[in-house]
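**Student:** Input: one structure, supplied below.
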Amino acid sequence: MSIDANLRERAARVVPGGMYGHLNAALHGPSYPQFFVGGQGCRQRDADGREYVDLMCSWGPVVLGHRHPAVESAVTAQLAAGDCLNGPGPVYVELAELLVETVPQADWVMFSKNGTDATTQALMVARAATGRTKVLMAHGAYHGADPWCTPGPAGTTPNERADLAEFVYNDLASVEAAAAGAEGDVAAIIVTPFKHDSFEDQELPTPEFARGVRALADRIGAALVIDDVRGGWRIDLGGSWEPLGVRPDLYAFSKALGNGHPIAAVTGADSLRGPAQSLYSTGSFWFNAAPMAAAKATVETLRDIDGIALMERAGTRLRAGLAAQAASHGFTVRQTGPVQIPWLSFEGDATLEKGMFWAGACLEEGVYLHPWHNWFLSAAHTDDDIDRALQGTDAAFAKLRARFGGD
């Protein structure tokens with residue numbers, strides 16, 4: 001029995017199902033390892049010692065590379081001084097100042113731990129500010145794992161979703177219709193910076209949609225919330241809609257903010273400062289100093305090395321290489337989303353049979369990516385790393401052709 005298989009068997013005895021949530025490898029395909037023991041730069045190593053070029057970056061949190069020295073040095077120093085104390089450390093103020101300085105939309109910041117914390121907290125601010133209840137969100141969008149937004153009904157009640165009204169991403173008319181149906185009770189419109197629903201091709205926002213949603217929120221007196229949990233710190237340091245010239249009332253950040261250390265943040269406009277102050281929103285570990293030190297080092301390093309440009313370079317190289325390989329092996333593929341947050345799907349592969357096989361073949365070749373969830377690149381992905389990954393994906397395309405034939 002492999003080490004991974006032994007750990008799965010042991011886990012099944014003491015954890016419901018052995019593993020749960022989005023990290024459950026049983027959902028990804030039979031080739032996927034469940035347990036990992038190390039990471040460095042853009043490589044990860046599983047419990048059985050196999051190394052992979054990591055194109056998932058721990059599902060988004062790792063943006064500078066695993067164990068980045070500047071981040072780990074800041075964390076080590078803070079741990080030596082103290083982490084979970086009777087109040088936050090000075091780094092709490094320093095990080096808040098840095099985020100207000102970095103994000104043009106931000107006049108203030110509130111911290112928490114997970115993306116779900118941040119999106120939920122943002123909606124609480126919006127409801128406190130407006131005195132309204134309804135929230136408009138895109139159909140199929142993922143905003144976290146609380147009952148109001150978690151996929152699937154298990155363990156939830158219909159009442160927990162009764163105040164949601166859905167629209168179609170990039171369809172401004174459907175947002176207008178959802179707002180009209182809420183009869184003047186819209187507290188917030190929450191939207192991801194691009195459409196990144198699982199199992200579907202990603203979709204960038206049109207400028208007309210982004211500006212229209214902003215204008216609608218202003219017209220009806222609702223807060224515009226951008227859930228930048230996946231996009232944040234990879235598209236623009238100022239917030240993912242900053243290049244579009246659209247600023248929300250509230251940004252929700254997490255994942256990459258601490259380069260793998262647990263931290264989330266909501267940034268807000270000054271008009272919402274009072275409502276934000278009125279909330280009772282807290283957690284036992286929300287004010288730990290070490291993750292804040294990690295976040296401060298992460299944002300400063302991304303700024304100083306122009307980390308987003310590095311990710312764009314790596315993503316462009318990967319996208320071009322995959323396009324050439326797919327064509328050479330006779331496959332029609334679609335590559336969607338920002339190049340630094342990519343995904344590849346196969347034409348006519350509604351059941352993901354080709355995608356699952358190809359992703360499993362990539363694993364065999366030492367490349368960790370995903371068949372139905374978007375991928376993530378980091379500033380640690382060099383040209384050589386991308387070329388190594390492309391060696392593996394090319395071999396995987398060859399195995400796919402041997403199995404299915406070309407299109």
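Quick note: the coordinates plus some simple rules give every number you see, no bench work behind them. Bear in mind the structure is a predicted one, so any value in this text is a computation, not a measurement. With ideal geometry, Cβ positions are generated from the backbone for all residues, glycine too; neighbour counts draw on all protein chains shown.
**Student:** Counting DSSP beta bridges with both partners in the chain, what percentage is antiparallel, nearest 5? List each step's numbers first, then the result.
**Tutor:** On the way: 22 of 39 bridges.
Antiparallel bridges: around 55 percent, rounded to the nearest 5.
**Student:** Mean separation of Cα pairs under 8 Å and 6+ residues apart, divided by the residue count of the range 69-305: what relative contact order is that in percent? Before the final figure, lay out the partial values.
**Tutor:** Numbers: 435 pairs, mean separation 77.8, N = 237.
Over the range 69-305, the number comes to 33 percent.
**Student:** On a 0 to 90° scale, report how tilted helix 383-404 is relative to the longest principal axis of the chain, with both axes built from alpha carbons and the result rounded to the nearest 10.
**Tutor:** Approximately 70 degrees, to the nearest 10.
**Student:** By how many degrees, 0 to 90 and rounded to 10, does the Cα axis of helix 307-328 deviate from the longest principal axis of the chain?
**Tutor:** 40
**Student:** I want the local charge near SER345. Using Cβ-Cβ distances under 11 Å, sum +1 for each Lys or Arg and -1 for each Asp or Glu among the other residues. Write out the running numbers ahead of the final one.
**Tutor:** On the way: positive: ARG334, LYS354; negative: GLU200, ASP201, GLU347, ASP349.
That works out to -2.
**Student:** Can you give the net charge of the other residues whose Cβ lies under 13 Å from the Cβ of GLU300, counting K and R as +1 and D and E as -1?
**Tutor:** On the way: positive: LYS296, ARG303; negative: GLU94, GLU97, GLU101, ASP304, ASP306.
Surrounding charge for GLU300 is -3.
**Student:** Then there is this: How large is Rg/Rh for the range 3-88, to two decimals, with Cα atoms and a Kirkwood Rh? Working shown, then result.
**Tutor:** Details: Rg = 16.1 Å, Rh = 15.2 Å.
Ratio of gyration radius to Kirkwood radius: 1.06.
**Student:** Any number yet on Rg/Rh for the range 69-305, C-alpha, Kirkwood?
**Tutor:** Working: Rg = 17.5 Å, Rh = 18.1 Å.
Reported Rg/Rh, Kirkwood definition of Rh: 0.97.
**Student:** Something else about it: Starting from the Cα of ALA320, move 7 Å in the Cα-to-Cβ direction to define the label point; list residues of the range 341-369 whose amide nitrogen is under 14 Å from there.
**Tutor:** Correct set: none at all.
**Student:** Once fully extended, how much extra length lies between VAL100 and SER31, figured as 0.36 nm per residue of separation less the alpha-carbon to alpha-carbon distance? Could you put the intermediate results ahead of the total?
**Tutor:** Working: separation 69, 0.36 × 69 = 24.84 nm, distance 4.36 nm.
Contour length minus Cα-Cα distance gives 20.5 nm.
**Student:** Ok, one more. With charges only on Cβ, +1 for K and R and -1 for D and E, what is the dipole size of the chain about its Cα centre, in debye, rounded to 20? Could you put the intermediate results ahead of the total?
**Tutor:** Details: 32 positive and 48 negative charges, 108 e Å.
For this selection, approximately 520 debye.
**Student:** Compute the long axis of helix 115-130 from its Cα atoms, compare it with the longest principal axis of the Cα atoms of the chain, and write down the angle in degrees, 0 to 90, nearest 10.
**Tutor:** Rounded to the nearest ten degrees, it is 20.
**Student:** Let me check I've understood the local charge: for LEU98, count other residues with C-beta under 15 angstrom from its C-beta, Lys and Arg +1, Asp and Glu -1. What total comes out? Numbers along the way, then the final one.
**Tutor:** On the way: positive: LYS296, ARG303; negative: GLU94, GLU97, GLU101, ASP107, GLU300, ASP304.
Here the count lands on -4.
**Student:** Between the alpha-carbon centers of the range 160-174 and the range 294-316, tell me the distance in whole angstrom.
**Tutor:** Rounded to whole Å, the Cα centres lie 33 Å apart.
**Student:** Given Cβ point charges of +1 (Lys, Arg) and -1 (Asp, Glu) and nothing else, what value in debye, to the nearest 20, does the dipole of the range 1-147 about its Cα centre take?
**Tutor:** Rounded to the nearest 20 debye, it is 520 debye.
**Student:** Shifting gears a bit: Taking only DSSP H segments of four or more residues, each worth -39500 (n - 2.57), what value at 222 nm results for the chain once the sum is divided by all its residues, to the nearest 500 deg cm²/dmol? Don't skip to the answer; put the middle values down first.
**Tutor:** Working: 11 runs with 156 residues, N = 407.
Per the formula, -12500 deg cm²/dmol.
**Student:** Moving on to the next point. Eight or more residues apart or on different chains, and alpha-carbon atoms under 23 Å: count the Lys pairs in the range 69-305 matching that. Kindly include the intermediate steps, with their values, before the conclusion.
**Tutor:** Numbers: LYS113/LYS255; LYS113/LYS296; LYS134/LYS195; LYS195/LYS255; LYS255/LYS296.
The result is 5.
**Student:** Could you tell me how far the Cα centroid of the range 319-346 sits from the Cα centroid of the range 82-130, in Å?
**Tutor:** Answer, in whole Å: 37.
**Student:** How far apart, in nm, are two points set 7 Å out from the Cα along the Cα-to-Cβ line at THR76 and at ARG273?
**Tutor:** 3.9
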